[in-house]
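Read the structure below first, then the notes.
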Amino acid sequence: MDWQAIITSLPSLGDGLLATLQLCLVAALCSLLWGALLAVLLMRASPFWLRLLNLYIGLTLALPLLVVIYLLYFVLPEYDITLSSPVVGVLALTLYYAPYIAQVIRSAIDALPQGQWEACRVLGLSRSEQLRDVVLPQTLPQMLSPLVGLMIGLIKDSALLSIVSVQEFMYAAKQAISDTYAPLEIYLTVALCYWLLNSVIDWLARCLESRMTRYRRAMQH
């Protein structure tokens, strides 16, 4: 094991990891916003728009993320639409993960008993009050686990963006390997960092889910 190669590469790998965290944070926020909007549109859109949305979702779910990245990076310039590598990365991850998020949100809302909505109407609650006081407290614990799983998948899939020269973690790893000629050491370091990062996210999500569902366990006792 060439420890010197790892130590020498740590600054550049740290910069790459920081770039990955920043990019994934932006992509995760955009995906959540677009996914939530999609979920609302799927439940309220007219038949025409619903067919268009289902077509977009069906195409996205059927395509590998790498194809989406290539379409944005290599095909759009043929039509005089040129995007920078980071923008392609965020847009690709957003377009790819938003439909999955929309399905999670819609499934959680659809799982609410019909009596909940009828009670809201009887009480005269507004849409915002229904969302704040009824929908979110009951659906967030159900959505948290699959949403966190999707966010972990987003972080792992961000490694594909190095193919189009997004200077993230894997891009920094490739540069470090070309400088040190130590692929085993560098890739093991990268794998360990991804594992630690995703494990921390999963642990935090479990803690949050436990706090959110504490009142249910208290009611059972």
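A few comments on the model shown:
- Within the accessible area of the chain (1.4 Å probe), percent carbon and sulfur: 67
- Label point 7 Å beyond Cα of Ile201 along Cβ direction - residues of the range 153-188 with amide nitrogen under 16 Å: 153-162, 168-170
- Other residues lying with their Cβ under 13 Å from the Cβ of Leu37 contribute a combined charge of +2, Lys and Arg counting +1, Asp and Glu -1.
- Cα-based helix-to-principal-axis angle, 47-62 vs the chain, degrees rounded to 10: 30
- Using the Cβ of Leu53 as centre and a radius below 15 Å, the other residues enclosed give a net charge of +3, where K and R count +1 and D and E count -1.
- Residue ranking by accessible heavy-atom surface, 1.4 Å probe, largest first, among Ile186, Ile201 comes out as Ile201, Ile186.
- With the simple model of a label 7 Å out from the Cα in the direction of the Cβ, Leu208 to Leu10 spans 3.0 nm.
- Computed on the chain, with alpha-carbon pairs under 8 angstrom and 6+ residues apart, the relative contact order is 33 percent.
- Net charge contributed by nearby residues that have their C-beta within less than 14 Å of Gln167 (K/R +1, D/E -1): -1
- GNM on the chain, alpha-carbon springs under 10 angstrom: the most fluctuating residue among Leu63, Leu13, Leu32 is Leu63.
- Taking the helices alone, the chain has a mean residue ellipticity at 222 nm of -26500 deg cm²/dmol, built from -39,500 (n - 2.57) per DSSP H run of at least 4 residues and averaged over all its residues.
The values are calculated or read from the model by the stated rules, or taken from the named source; none is laboratory data. All of these numbers come straight from a predicted model, not from anything done at the bench. Methodologically, a virtual Cβ is constructed for each residue, glycine included, from the backbone with ideal geometry; neighbour enumeration extends over all protein chains shown. Just the protein is used for accessible areas: all its heavy atoms, side chains included, with ligands, DNA and RNA removed. Shrake-Rupley method; radii C 1.70, N 1.55, O 1.52, S 1.80 Å.
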